[in-house]
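Each remark here refers to the structure printed beneath this line.
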Amino acid sequence: MPPDAKILIVDDHQDTLYALESALAPLGYRLARATSGDEALKQVLRGQVGLLLLDVRMPGVSGLDVVRYMRRLEQTQHIPVILLTGFGPDHELTSAAFELRVADLVMKPVDPWALRTKVRYLYDAHRRHLALEHEVRALRALVKDPTDTLPDTRVPLQRDTTPHPPLPTAPTAT
């Protein structure tokens, strides 16, 4: 995830998109919008998405369908997703969402303060996670393919060549 990765907000209602953008604007992250599941998938597959706020029920490709597709692809399977629903608590939806490893399921209308807190935490945690993965890959590459630019810090084995008195022998019994 590039440092300027965006938060993609997906909803089929313009007023909801506006409200979510207004709630998240104080965080200072780049925001993008999509009005359908298809459009969301296209943007996610292009890269540059660090977090997805996604309406569950949209015409055509639903939010759950988007997440199902994302979780099958290596490049998108770890992008954090917050699902949004305006239909109240639903046990089946909650089960399906968390089986797909969504970060949270939020009821509309959203509390802007709570949403900002969740988004800041998830976005920053995802960015740190990717930075650590990158560092691990770089370290593994160094271990597999060391270069001559690294000094050899191994200490050579030294044999003690100084003469020592002979070890005493045990007395023999007569």
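Here are a few things to note about the model shown:
Okay, residues lined up against (1) surrounded by 10 or more Cβ atoms within 10 Å (Cβ to Cβ); (2) closer than 25 Å to ARG30 by Cα; (3) modelled with pLDDT under 90:
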position: VAL119; (1), (2), (3): yes, yes, no
position: LEU122; (1), (2), (3): yes, yes, no
position: ALA131; (1), (2), (3): yes, yes, yes
position: GLU135; (1), (2), (3): yes, yes, yes
position: ALA141; (1), (2), (3): yes, no, yes
position: ASP145; (1), (2), (3): no, no, yes
position: THR149; (1), (2), (3): no, no, yes
position: ASP152; (1), (2), (3): no, no, yes
position: PRO156; (1), (2), (3): no, no, yes
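- Residues that are under 17 Å from the mean Cα position of the chain (by Cα) and either closer than 17 Å to ARG33 by Cα or modelled with pLDDT of 95 or more (or both) within the stretch 73-93 comprise ILE79, PRO80, VAL81, ILE82, LEU83, listed in sequence order.
- Of all the criteria given as (1) under 18 Å from THR16 (Cβ atoms); (2) open to solvent by 50 Å² or more (accessible area, probe 1.4 Å); (3) in contact (Cβ under 8 Å) with a residue 40 or more places away in the chain, the one not satisfied by ASP111 is (3).
- Each residue in the stretch 1-13 was checked for being open to solvent by 10 Å² or more (accessible area, probe 1.4 Å) and within 20 Å of GLY88 (Cα to Cα), and 2 of them qualify.
- Entry remark, the stretch 17-48: residues being touching a strand residue (DSSP E or B) at 6+ places or on another chain (Cβ under 7 Å), touching a residue at least 24 places away in the same chain (Cβ under 8 Å) and open to solvent by 10 Å² or more (accessible area, probe 1.4 Å) number 7 in total.
- The stretch 87-99 residues that are within 23 Å of GLN77 (Cβ to Cβ), paired with ones that are polar (S, T, N, Q) (beta carbon under 8 Å, 6 or more apart): LEU93/THR85
The values are calculated or read from the model by the stated rules, or taken from the named source; none is laboratory data. Model, not experiment: these values are computed from the prediction. With ideal geometry, Cβ positions are generated from the backbone for all residues, glycine too; neighbour counts draw on all protein chains shown. Side chains included, ligands, DNA and RNA excluded: accessible areas come from the protein's heavy atoms. Shrake-Rupley method; radii C 1.70, N 1.55, O 1.52, S 1.80 Å.
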